[in-house]
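The values are calculated or read from the model by the stated rules, or taken from the named source; none is laboratory data. Fair warning: this is a prediction, and the values are worked out from it, not measured in the lab. Cβ placement follows ideal geometry from the backbone for every residue including glycine, while neighbour counts extend to all protein chains displayed. Accessible surface is based on the protein model in full, side chains and every heavy atom, while ligands, DNA and RNA are left aside. Shrake-Rupley method; radii C 1.70, N 1.55, O 1.52, S 1.80 Å.
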Amino acid sequence: MTTASPATGPSAVELSADEARRIALRAQGFLGAPDRRGGVRGVLRALGAVQLDTISVLARSHELVPYARLGAVGREAVERAYWTPAPPGGPSPEPHAFEYWSHAACVLPIEEWPLFAFRRRAYRARPHWNHDLSDGAYDTVVKQLRDAGPLTATELGGAKNGGPWWDWSDAKIAVERALMYGEVVCTGRRGWKRVYDLAERAVPAALLHDGLSDAECLRPLVRLAGRALGVGTRADIADYHRLKGEQVDAVIADSGLVPVTVQGWGRQAWADPEALAAPPRGRHRTTLLSPFDSLVWERARTERIFGFAHRLEAYVPKPKRVHGYFAMPLLSGGRLVGRVDPARSGTTLVARQVSLAGPKAVAPMAQALREAAEWVGCDAVRIERVDAPGLAADLTRAVA
């Protein structure tokens, strides 16, 4: 890390590409000793958002994110750390987190509730949101929750009309709209179903307000994104909570982030000043990553930092897939050195398709597969296909 003279402009700090990569890894929890005292909730607060997705191969993505950083944390412990579900008809306990639209559908620390006032206001200002809603349906759902909540969409009258997954019932449309507006909140799940409650009842009183202006919301969100990334460009920072570039521009000078230049990036970047204060040191994690992990959220950033083209192919027609349905990148030594499309068959973890950067990636892939298998209760690993056929026998021996 070098410091330029003031004459060079606002970016007084210059980072090498390797320094930026290591700063990013530490900020995301992959370099140095993990904070086990904070556990899963500590991971959530450090990242600021953990993406949710319905796909479950080894496990769902919100489970894979803390596993990748902490190791074999109990899966029930993960659920308890995120959600504080209320019993049917019972009061909501004080939550640690809530679900909302951030980078995508995400679990967010409950203290971030006020910061999304800008987004709730924007949703309320829309005349419509995707689905049409019958007259009176919205008020009916709110009254049901007031009288009998917390409730799931099924308990509110059903989630679907019986057609495709997007053919939502009036109750589901209404409660999801109320969630976007901030009148309703999800702080728990039962059997993967959202449990809805009135925000006025579930969100702690000190946090339950929309009093922050847009700038007062955006400034800390930009700061939190910069801290979670360690170092990032305007596009990186905007993508973290899916902000607009001009929203980042309006507040970044007052966000507390430090302008930096990263060799080879070719564009202005900003860094967390605490990340710059101490050189990143420590042990690298070797692990498989969820395709929805925030380390690899932004494809252009992933290619810029790791030289790794990452793409989720679950929604790509099978004949057009290159790496498989749920290809999980392999992180080892601070690099992305392969990927695997996993599946489960009984108590066997099946590596349906494996891609490796070279022979040196065999041992870390074998280690990551064995550890993942043990975590999900499998007692064997079977290798089906390796893109580099000459490495297949080595990998098969290594996982055995």
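With the structure loaded, tell me whether L221 is hydrophobic (A, V, I, L, M, F, W, C), under 21 Å from A46 (Cα atoms) and at pLDDT 95 or above or whether it fails that test.
Against the criterion (hydrophobic (A, V, I, L, M, F, W, C), under 21 Å from A46 (Cα atoms) and at pLDDT 95 or above), L221 qualifies.
Restricting attention to region 27-49, and to residues there that are in a loop (DSSP other than H, G, I, E, B) and among the aliphatic types (A, V, I, L, M), which single residue is farthest from R242 (Cα to Cα)?
Going through the qualifying residues, I end up with A33.
Just give me the residues in region 303-312 being surrounded by fewer than 19 Cβ atoms within 10 Å (Cβ to Cβ) and closer than 18 Å to L64 by Cα, in sequence order.
Selection gives R311, L312.
Name, by its number, the condition in (1) closer than 17 Å to I237 by Cβ; (2) more than 15 Å from the chain's Cα centre (by Cα) that does not hold for G48.
The failed condition is (2).
Filter region 321-359 down to the residues that are open to solvent by 10 Å² or more (accessible area, probe 1.4 Å) and β-branched (V, I, T) and list them by number.
V322, V337, T347, T348 - these are the residues of region 321-359 that are open to solvent by 10 Å² or more (accessible area, probe 1.4 Å) and β-branched (V, I, T).
Mind checking which residues of region 377-395 are under 19 Å from G324 (Cα atoms) and either touching a Leu at 6+ places or on another chain (Cβ under 9 Å) or open to solvent by less than 70 Å² (accessible area, probe 1.4 Å) (or both)?
V381, R382, I383, V386, D387, A388, L391, A392, L395
What is the one condition in (1) crowded, with 17+ Cβ neighbours inside 10 Å; (2) part of a helix (DSSP H, G or I); (3) modelled with pLDDT under 95 that R119 does not satisfy?
Evaluating R119 over (1) crowded, with 17+ Cβ neighbours inside 10 Å; (2) part of a helix (DSSP H, G or I); (3) modelled with pLDDT under 95 leaves (3) as the failure.
Being under 24 Å from the mean Cα position of the chain (by Cα) and not acidic (D, E) is the requirement here; does P329 meet it?
The answer is yes for P329.
Among the numbered criteria (1) over 18 Å from the mean Cα position of the chain (by Cα); (2) at pLDDT 95 or above, which one does R227 miss?
R227 satisfies every listed condition except (1).
Taking the condition of being crowded, with 23+ Cβ neighbours inside 10 Å and of a type in the set (S, T, N, Q), how many residues in region 23-69 meet it?
Count: 1.
Would you say R370 is surrounded by fewer than 17 Cβ atoms within 10 Å (Cβ to Cβ), farther than 29 Å from E19 by Cβ and either of a type in the set (K, R) or out of contact with any Cys (no Cβ under 8 Å at 6 or more places or on another chain) (or both)?
It is false that R370 is surrounded by fewer than 17 Cβ atoms within 10 Å (Cβ to Cβ), farther than 29 Å from E19 by Cβ and either of a type in the set (K, R) or out of contact with any Cys (no Cβ under 8 Å at 6 or more places or on another chain) (or both).
Can you work out which of the residues in region 147-181 that are touching a Phe, Trp or Tyr at 6+ places or on another chain (Cβ under 8 Å) and among the small types (G, A, S) is modelled with the highest pLDDT?
Step by step, filter region 147-181, then rank; the result is A178.
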